Amino acid sequence: MTAETQPEVIVIVGAGHGAGQCAASLRQEGFEGKIVLIGEEPYLPYQRPPLSKKFLSGELTIERVYFKPADFYATAEVDVRLNTRVTEIDRAAKEVVTTDGTRVAYDKLILTTGSRVRELKAPGAGLKGIHYLRTIDDVEGLKTDFHAGKRMVIVGAGYVGLEVAAVALKHGLEVTVLEMEPRVLARVTSPEVSQFFHDVHTEAGVNILYGHAVTEFKGDGHLQEAVLSNGSTMQADIALIGIGILPNVELAEAAGIACHNGIQVDEVCRTSDPDIFAAGDCTEHPNPIYGRRIRLESVHNALEQAKTAAAAALGKEKPYAQVPWFWSDQYDLKLQMAGLNQGYDEVVLRGDPKSRKFAAFYLKDGVLIAVDAINAAPEYMIGRKLIGEKARVAPERLRDINVNMKEVADS
């Protein structure tokens, strides 16, 4: 793209991690035109991981959750429009339309529409005391019921459910976690790591019930009881539903942009419309490391795709090809995960889980494809590097804690 054809106006739809990074990256890439950032919530782009941890516990103020301080957007001359929902993309006119009918013209459009919680469809699910956790407002609502002595039911033993369980227990709540699968974190980790986190939570005082779902909530305006799939009931003052998220693709889909398990993008985050890009939870992209298309729900993915999308909107192609990584903080444990373990045929444990410091390495045909590291930063950092190199690693060397990770990498 030549200087003469540089876009004059770039519109960013969404106000999460990806949106904040897009705005920053556009200026870092030298874009001097107009940036319009449109978000549905009343808040500047903010970080979501602290919501289920330090923001919920009160250790972080809202200002510290923001992705960038307010003066960044003023200094960078970003036209931020909050409390504003985009209802339509008019591709022919190259405009987005907001709820009040305002039409905003764009030369390039970047969609960072993110994702939303999957709702539990059960009678009584609208009672007060039943919460989800995805936004700042969700957490503020949860805090109103978050008091010592309250009986809390958490539906779903994924990252969010377990993180909230840890915080709730610390605050003196009685916590029961319900999980349909036979183990915690079943979708993302091995039975060995699941067992470790099961033991950690139950020893701390969390009650975990497997093979159970909620079929009904009961209460007189406010939650009092949960009916389980086996017909039994349990008393509950507060419930958190954590059964996954769904990509927000409806806006793109209605505009005729290709979608399947997310907005379809290429290696530079371009959609089926050459003037529209997308980044973050809402996208499905090609991953050269795993040789397939994937959709990732992670901060790292949102930030790195945002950088790629911003550059591509300016005609600079910087293909996105990175090892996925994730993290979760529970009690005194930092779980760091790199890669995707689907299809692994061998799991190698390094260290003793009883020490609360170990790693699980996942191999497929001898190639390292993923690692879960618990309080084990070297295993995570070097494991992530080896995954990117599609390295073949001898299981016995991974297993031997007397061989440091640098030596494992060098071999």
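The values are calculated or read from the model by the stated rules, or taken from the named source; none is laboratory data. Computed from a predicted structure; not experimentally measured. Methodologically, a virtual Cβ is constructed for each residue, glycine included, from the backbone with ideal geometry; neighbour enumeration extends over all protein chains shown.
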Margin query: So, residue 304, is that one out of contact with any Leu (no Cβ under 9 Å at 6 or more places or on another chain), closer than 27 Å to residue 117 by Cα and either of a type in the set (D, E, K, R) or modelled with pLDDT under 95 (or both) or not?
Written below: yes
Check: What are the residues in region 363-383 that are closer than 17 Å to residue 194 by Cα and charged (D, E, K, R), if any?
Finding: 372
Next item on the list: Output the residue which, of all residues in region 279-327 that are part of a strand (DSSP E or B) and within 13 Å of the chain's Cα centre (by Cα), is nearest to residue 262 (Cα to Cα).
Entry: 283
Next item on the list: Starting from residues that are of a type in the set (Ser, Thr, Tyr) and crowded, with 23+ Cβ neighbours inside 10 Å, keep the ones in region 263-283 and report whichever is farthest from residue 293 (Cα to Cα).
Entry: 271
Check: Is one or more of the residues making up region 237-244 within 26 Å of residue 329 (Cα to Cα), more than 23 Å from the chain's Cα centre (by Cα), at pLDDT 95 or above and surrounded by 14 or more Cβ atoms within 10 Å (Cβ to Cβ)?
Finding: yes
Next item on the list: Being part of a loop (DSSP other than H, G, I, E, B) and either in contact with a helix residue (DSSP H, G or I) (Cβ under 9 Å, 6 or more places away or on another chain) or not assigned by TED's automatic domain parsing to the domain that holds residue 367 (or both) is the filter here, so list the residues in region 390-403 that pass it.
Entry: 391, 393, 394, 400, 403
